[in-house]
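Worksheet: the structure to be examined is printed underneath.
The values are calculated or read from the model by the stated rules, or taken from the named source; none is laboratory data. Since this is a predicted model, take the numbers as computed values, not measurements. As a convention, Cβ positions derive from the backbone with ideal geometry for all residues, glycine included, and neighbour counts pool all protein chains shown.
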Amino acid sequence: PVPDRRGRISLREVTVSSVRLGWAATRLVCYSRHVFRFDPKSLDERPADSFALERDVRFHDIDAAGIVFFARAFEYVNDTFVAFCAASGLRVDEVLRERRWGAPLRHVEADYVRPLFFGDRIEVALVAAHLEETSVTLGYRVANCVDSVVHAKVQATHVFVDVDTFARRPVPGEMRSIIETRCRLWPT
């Protein structure tokens, strides 16, 4: 797809191209719609009933400066999302294998507050969710297990699609149900 002189791209052109080009073309759709964002301060606290996954910062997570490489935060929250689904009875591997629906990332961002180092024990908690008709934005906090100090705050927006056409679809009932019952919801 080629943008016009105003930088706009037709959604029809993107949809057709996304089947051929994969994720690169799909990302173009992201910029044509509003993306919900949490106030980063709202991700500071962990509700007692929120889902969390503990892990160690591994040697291969760090960069040449001796701190966690920035992209690892996105891996940490993705692992937490998959574990959250599994703990709720929804196996993402089965959803993908059966081609029931897809949930590619539409937007992801991170605020890095303090560095993490090799050997740190961390907790990645899913602390907030914002549901829309065809997407969900999830808010995470990455904190040190020893003192609960927040090191990073991450927001990830998944858009739900039909895996054959990549057309948007409503949030599947099975996903909507676990988010509504197990997450702190933010108003629309």
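Yes or no: Val154 part of a loop (DSSP other than H, G, I, E, B), touching a Phe, Trp or Tyr at 6+ places or on another chain (Cβ under 8 Å) and not acidic (Asp, Glu)?
Here the answer is no, as Val154 does not meet what is asked.
Since Ala48 meets every condition but one in (1) modelled with pLDDT of 95 or more; (2) assigned to a loop (DSSP other than H, G, I, E, B); (3) out of contact with any Asp or Glu (no Cβ under 8 Å at 6 or more places or on another chain), which condition does it not meet?
That leaves (1) as the condition not met.
Condition first: modelled with pLDDT under 95 and within 22 Å of His130 (Cα to Cα). Can you find one or more residues in segment 13-27 that meet it?
Yes, segment 13-27 contains at least one residue that is modelled with pLDDT under 95 and within 22 Å of His130 (Cα to Cα).
Give me the residue from segment 115-162 that is of a type in the set (Ser, Thr, Tyr), crowded, with 19+ Cβ neighbours inside 10 Å and out of contact with any helix residue (DSSP H, G or I) (no Cβ under 7 Å at 6 or more places or on another chain) and, out of that set, farthest from Ile62 (Cα to Cα).
Among them, the one singled out is Ser135.
In segment 113-151, how many are over 14 Å from the mean Cα position of the chain (by Cα) and closer than 18 Å to Arg55 by Cα?
Going through segment 113-151 one residue at a time, the tally reaches 19.
Considering only residues that are over 16 Å from Leu138 (Cα atoms), touching a residue at least 60 places away in the same chain (Cβ under 8 Å) and out of contact with any Phe, Trp or Tyr (no Cβ under 6 Å at 6 or more places or on another chain), which ones fall in segment 46-67?
Glu54, Arg55, Asp56, Arg58
Are any of the residues in segment 104-111 surrounded by fewer than 18 Cβ atoms within 10 Å (Cβ to Cβ), in a helix (DSSP H, G or I) and either among the small types (Gly, Ala, Ser) or in contact with a Pro (Cβ under 6 Å, 6 or more places away or on another chain) (or both)?
Within segment 104-111, not a single residue is surrounded by fewer than 18 Cβ atoms within 10 Å (Cβ to Cβ), in a helix (DSSP H, G or I) and either among the small types (Gly, Ala, Ser) or in contact with a Pro (Cβ under 6 Å, 6 or more places away or on another chain) (or both).
Quick check on Phe166: is it assigned to a loop (DSSP other than H, G, I, E, B) and surrounded by 15 or more Cβ atoms within 10 Å (Cβ to Cβ)?
Answer is yes for this residue.
Which ones in segment 76-96 are surrounded by 13 or more Cβ atoms within 10 Å (Cβ to Cβ), out of contact with any Lys or Arg (no Cβ under 8 Å at 6 or more places or on another chain) and not aliphatic (A, V, I, L, M)?
Residues satisfying the conditions are Asn78, Thr80, Phe81, Arg91.
Conditions: (1) surrounded by 12 or more Cβ atoms within 10 Å (Cβ to Cβ); (2) of a type outside the set (S, T, N, Q); (3) touching a residue at least 12 places away in the same chain (Cβ under 8 Å). Arg99 meets all but one. Number of the miss?
Status for Arg99: all satisfied but (1).
Specify the residue that is farthest from Val127 (Cα to Cα); the eligible residues are those in segment 77-103 that are in contact with a strand residue (DSSP E or B) (Cβ under 6 Å, 6 or more places away or on another chain) and in a helix (DSSP H, G or I).
Ala83
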